[in-house]
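Have a look at the structure below, then the notes.
Each reported figure results from applying straightforward, stated rules to the coordinates on display, with no laboratory input. What you are looking at is a predicted structure, and each value in this text was computed from that prediction instead of being measured. Note that we place each Cβ from the backbone using ideal geometry, even for glycine, and neighbour counts take in every protein chain shown.
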Amino acid sequence: MSNIQTIAKQAEAIAQKLSIAKYDIYGSSVDETSVQVDKGEPKQVKASNRSSVIVRVWNEENQIGVTSTTDVGETGLEMALKTAYEASAFGVRENAPDFSPQATAPTVKVDFEKADPAPVPDLIKTLVGAEKEVLEAHEAIASVPYNGIAQREIERFYLNSEGAQRSEERSYASIYLYGKTEQAGRKPRAAGAMRVKNSLAELDVNGCTKETAEKTISHLGYEKIASGKYPVVFSAEAFLGLLSAFSNMYNAQSVLDNRSLSTAESLGTQVASPLLSVYDDELHPENIAAETFDGEGTPTRRLPLIENGVLKNFLHSAGTAKRMNAEPTGHASIGAKVSIGLNYLEVSAGDSADQAYQLDSVDGVVLVDELQALHAGVNALQGSFSLPFDGWLLKNGQRISVESATVAGDFRQVLNSILHIEPEAEITPGGVCPRVWVSELSITGEA
């Protein structure tokens with residue numbers, strides 16, 4: 001992608017020629033190489049470059065037009081600015097988006113590691129070795145049907161007609177493995193793991209293979225579970241999944257659209273157990289894919305969402321912040337419309353471990369490891385969910401894999417019925433979170 005100073009100068013000259021006074025441009029480019037294998041042989045090798053540039057133009061009536069392009073050369077920019085200006089005649093007049101007041105504010109200095117991409121043969125060799133280790137971990141593991149190693153180089157920039165200019169680049173690598181069992185007279189069982197780091201050399205491949213094998217093996221001795229109410233422990237991934245599925249609770253746009261579990265008056269009220277604190281921290285040291293600014297150029301930062309059970313902040317774009325007399329929070333993405341989304345969640349650890357909450361000694365507790373069908377089993381406006389899950393029933397500390405079951409409840413009730421948050425957090429691609437103990441939820445087993 002071209003240098004941001006070059007793009008800015010070209011855009012300024014073109015805008016003057018077209019008599020455009022107000023505009024902004026956001027762009028990103030991703031170079032990705034990925035491989036998949038099947039029983040020791042390369043199954044798929046892909047290399048791609050994806051570029052996306054969003055151009056927004058405001059006309060004299062402050063209506064906004066938006067267009068997208070993949071060409072940031074002079075010809076592409078001129079066409080995009082002209083098209084966006086023409087489209088502005090049809091733009092909304094009420095609550096039209098505007099520049100972020102923080103688009104020129106300093107961003108946090110982050111020392112991004114940008115590693116040279118590893119050769120494709122190295123990716124294949126690493127993945128073949130990882131697949132082999134999983135397959136050899138137990139005779140019942142027949143395949144690793146879903147696997148992959150990818151490395152990505154990402155460039156982003158934002159500029160506007162008031163002089164804002166931001167750009168950054170970084171790289172990271174990832175691996176995922178998903179083992180599957182086959183046993184005579186038994187249902188196939190599967191489990192997986194994922195790791196993300198700055199480069200292939202830093203990737204914890206051994207940790208990923210070990211976790212995949214251990215989880216897959218742990219599901220071999222599965223049993224049916226009787227339907228009823230059970231104390232539930234959510235893994236880091238499962239609890240973060242719930243927090244994301246019901247993100248309308250802290251999304252300002254959802255609040256303004258009356259499509260949220262919260263209202264404008266909810267700030268400062270108790271919405272969860274005092275044990276729970278949740279932060280959105282895009283710049284967390286464990287967030288390999290951290291971004292220092294959002295789609296509107298607003299600097300990202302650590303934002304308290306829930307502290308000691310009290311709702312502290314909403315996620316804001318420049319537009320929602322203006323309407324609610326707040327500040328943009330660095331969570332906006334621009335396109336045909338401005339959208340707001342979570343970045344990287346951090347759930348704070350609880351106090352020192354309580355002997356009453358030890359997985360290796362409890363009885364009759366369900367450990368939910370992974371929630372499935374979050375796109376279908378969640379009613380975000382009502383707060384209810386009914387989701388299939390992978391997990392175990394603990395009997396005197398022994399883990400018995402649950403054959404097939406769903407966990408159901410109300411998200412707000414879950415937040416208020418937290419009994420314990422373990423002190424040790426787990427790092428996942430979507431955030432940092434300890435295991436969370438909840439007093440009681442409905443588990444429906446297979447008849």
Reach of Lys125 by Cα under 19 Å, taken over aspartates and glutamates that are not fewer than 8 positions away in the same chain:
Glu32, Asp38, Glu41, Asp116, Glu133, Glu136, Glu202, Asp204
Of the candidates Pro117, Pro328, Pro188, which one comes out as most mobile in a Gaussian network treatment of the chain with C-alpha springs shorter than 10 Å?
Pro188
Just report the Cα centroid separation between the range 286-314 and the range 378-447, whole Å.
25 Å
The chain, Gaussian network, Cα under 10 Å: of Asn343, Asn379, Asn198, the residue fluctuating most is Asn379
Among Glu113, Glu133, which comes first, then next, by fewest other beta-carbon atoms within 10 Å?
Glu113, Glu133
Once fully extended, how much extra length lies between Glu169 and Ser439, figured as 0.36 nm per residue of separation less the alpha-carbon to alpha-carbon distance?
92.8 nm
Nearest 0.05, what FRET efficiency do Glu286 and Val30 give at R0 = 22 Å with Cβ-Cβ as r?
0.55
So how far, in whole Å, is the C-alpha centre of the range 102-167 from the one of the range 188-211?
13 Å
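Largest first and in whole Å, what are the equivalent-ellipsoid semi-axes of the range 51-103 based on the Cα gyration tensor, each being the root of 5 times an eigenvalue?
Each semi-axis is the square root of five times an eigenvalue, giving 20, 14, 8 Å.
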Got a sec to turn the phi values of the range 326-336 into Karplus ³J(HN,Hα) couplings, 6.51 cos²θ - 1.76 cosθ + 1.60 with θ = phi - 60°, whole Hz, x for Gly and Pro?
10, 10, x, 10, x, 10, 9, 10, 9, x, 4
Give me the lysines in straight-line cross-link reach of Lys337: C-alpha distance below 17 Å, same-chain residues under 8 apart excluded.
Lys322
GNM flexibility winner over the chain from Gly228, Gly430, Gly241 (Cα, springs under 10 Å)
Gly228
Which option, (i) 74, 56, 38; (ii) 69, 48, 48; (iii) 57, 46, 45, is the value of Cα extents along the principal axes in Å that was calculated from these coordinates?
(i)
Mind checking which of Ala289, Ser68, Ser417 is farthest towards the positive end of the chain's charge dipole, using Cβ charges of +1 (Lys, Arg) and -1 (Asp, Glu) about the Cα centre?
Ser68
Non-local residues with an amide H under 5 Å from the amide H of Leu177, with H modelled 1.01 Å from N and Pro and chain starts lacking one, are Ala193
For Cα pairs less than 8 Å apart in space and 6+ apart in sequence, what is the mean separation divided by the residue count of the range 369-440, i.e. the relative contact order in percent?
22 percent
Distance in nm between Tyr146 and Val92 label points, each 7 Å along Cα→Cβ, equals 3.5 nm
Long-range amide H partners of Val310 with built H, under 5 Å:
Val271
Round to a whole angstrom and tell me the spacing of the C-alpha centers of the range 42-72 and the range 223-261.
32 Å
If I take every Cα pair under 8 Å that is 6 or more residues apart in the chain, average their sequence separation and divide by the length, what percent do I get for the relative contact order?
15 percent
Multiply the residue gap between Val310 and Ala47 by 0.36 nm, knock off their C-alpha separation, and tell me the result in nm, one decimal place.
90.1 nm
Using the alpha-carbon atoms, what tilt in degrees (0 to 90, nearest 10) does helix 205-218 show relative to the longest principal axis of the chain?
50 degrees
Footprinting proxy, Leu123, Leu342: sorted fewest to most Cβ within 10 Å, the residues are Leu342, Leu123
Neighbour-count ranking [beta-carbon atoms within 10 angstrom, fewest first] of Thr428, Thr216
Thr428, Thr216
Normalised contact order of the range 235-323, rounded percent, pairs of Cα under 8 Å and 6 or more residues apart:
30 percent
Starting from 0.36 nm per residue, how many nanometres of slack lie between Gln5 and Thr263 once their C-alpha separation is accounted for?
88.7 nm
Can you give me the angle between helix 74-87 and the longest principal axis of the chain, using Cα atoms only, in degrees from 0 to 90, rounded to the nearest 10?
90 degrees
